[in-house]
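The values are calculated or read from the model by the stated rules, or taken from the named source; none is laboratory data. The structure presented is a predicted model; accordingly, all values stated were derived computationally and were not measured. Note that we place each Cβ from the backbone using ideal geometry, even for glycine, and neighbour counts take in every protein chain shown. Side chains are part of the model used for accessible areas, which takes the heavy atoms of the whole protein and leaves out ligands, DNA and RNA. Shrake-Rupley method; radii C 1.70, N 1.55, O 1.52, S 1.80 Å.
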Amino acid sequence: MIHDLVRRTRTVRRFQEDRPLDPSLLRQLIDLARLGGSARNAQVLKYMVITEEPIRRQLFPLLAWAGYLPHWPGPAPGERPSAYILCLLDTALQKGPATEAHFDLGIATQNLLLGAAEQGVSGCRIGAFAPAKVHGLLRLSEHCQVLLVLALGYPAETVVLEEVGEDGDIRYWHDGQGVHHVPKRRLEEILVPTPELG
């Protein structure tokens with residue numbers, strides 16, 4: 001069921017680094033991203049798959065991992081992603097406002113991560129990175145702009161959803177056993193009543 005799949009599609013930041021992802025699976029996930037809706041049907045997004053260990057090792061320090069966990073430096077060696085997918089904006093194809101690409105990006109990455117979760121693979125969308133250094137490392141062309149980095153792999157942590165408490169704190173956190181807790185607002189809190197129009 002889609003409800004169960006969405007609940008399983010959680011952000012994971014610790015992975016079984018020694019379990020590689022099959023290249024054919026990564027292609028299938030990018031195909032799911034490709035098939036999603038696109039503003040003006042411009043299809044301005046492109047993707048780069050990174051699985052080679054030397055490139056993964058050089059890319060890792062250019063990424064920031066968890067804003068709400070300032071004392072956590074990110075996954076340790078052995079817990080790092082076994083693959084990355086870079087989501088790129090091809091500015092040569094972009095005709096509309098830049099914001100349209102971000103709508104496409106949300107649709108595409110959710111499709112991709114839902115497909116990954118269905119296969120037991122987890123991921124983390126990383127929007128905090130050193131753009132110029134990533135661009136240089138990967139020798140991207142001038143018309144390719146990195147919008148997002150997706151870290152992927154088999155999960156090495158448990159993620160638990162819970163309701164936001166009375167204090168309203170939405171920050172995720174790790175407990176003493178390393179379980180990752182993610183507070184979610186209750187459905188009743190996000191439903192806005194329709195006004196009665198006279």
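Pick out the one residue from GLU166, GLU162 that is outside any loop (DSSP other than H, G, I, E, B) and at pLDDT below 95. Write out each step before concluding.
Working: GLU166 fails: outside any loop (DSSP other than H, G, I, E, B).
GLU162 is the lone residue from the list that is outside any loop (DSSP other than H, G, I, E, B) and at pLDDT below 95.
Note down all Cβ pairs under 7 Å where the first residue falls in region 74-98 and is in contact (Cβ under 8 Å) with a residue 40 or more places away in the chain and basic (Lys, Arg), the second is part of a loop (DSSP other than H, G, I, E, B) and surrounded by 19 or more Cβ atoms within 10 Å (Cβ to Cβ), and they're at least six residues apart or on different chains.
Qualifying pairs under 7 Å: ARG80/GLU17.
Give region 87-138 a look and list any residue that's over 15 Å from ARG34 (Cβ atoms), surrounded by fewer than 16 Cβ atoms within 10 Å (Cβ to Cβ) and among the small types (Gly, Ala, Ser), or say none.
ALA92, GLY96, ALA98, GLY120, GLY127, ALA128, ALA130, ALA132, GLY136
Any residue in region 6-33 that's closer than 18 Å to GLY106 by Cα: show its pairings with residues that are in a helix (DSSP H, G or I) and open to solvent by 40 Å² or more (accessible area, probe 1.4 Å) at Cβ separation under 6 Å, as long as the two are six or more apart or on different chains.
From region 6-33, the pairs are LEU32/ASN111; ALA33/ASN111.
Only one of these is open to solvent by 20 Å² or more (accessible area, probe 1.4 Å), at pLDDT 95 or above and either within 20 Å of ILE126 (Cα to Cα) or not aliphatic (A, V, I, L, M) (or both): SER24, SER82. Name it. Give the steps one after another, and end with the answer.
Working: SER82 fails: open to solvent by 20 Å² or more (accessible area, probe 1.4 Å).
The unique qualifying residue is SER24.
If you check ALA83, ALA92, ALA130, ALA108, which single one turns out to be more than 11 Å from the chain's Cα centre (by Cα) and more than 20 Å from ARG56 (Cα to Cα)?
Values: ALA83 fails: more than 20 Å from ARG56 (Cα to Cα); ALA130 fails: more than 20 Å from ARG56 (Cα to Cα); ALA108 fails: more than 11 Å from the chain's Cα centre (by Cα).
The conditions single out ALA92.
Which of the residues that make up region 139-173 are surrounded by 13 or more Cβ atoms within 10 Å (Cβ to Cβ), out of contact with any Lys or Arg (no Cβ under 9 Å at 6 or more places or on another chain), touching a residue at least 40 places away in the same chain (Cβ under 8 Å) and more than 17 Å from LEU45 (Cα to Cα)?
Scanning region 139-173 gives LEU152, TYR172, TRP173.
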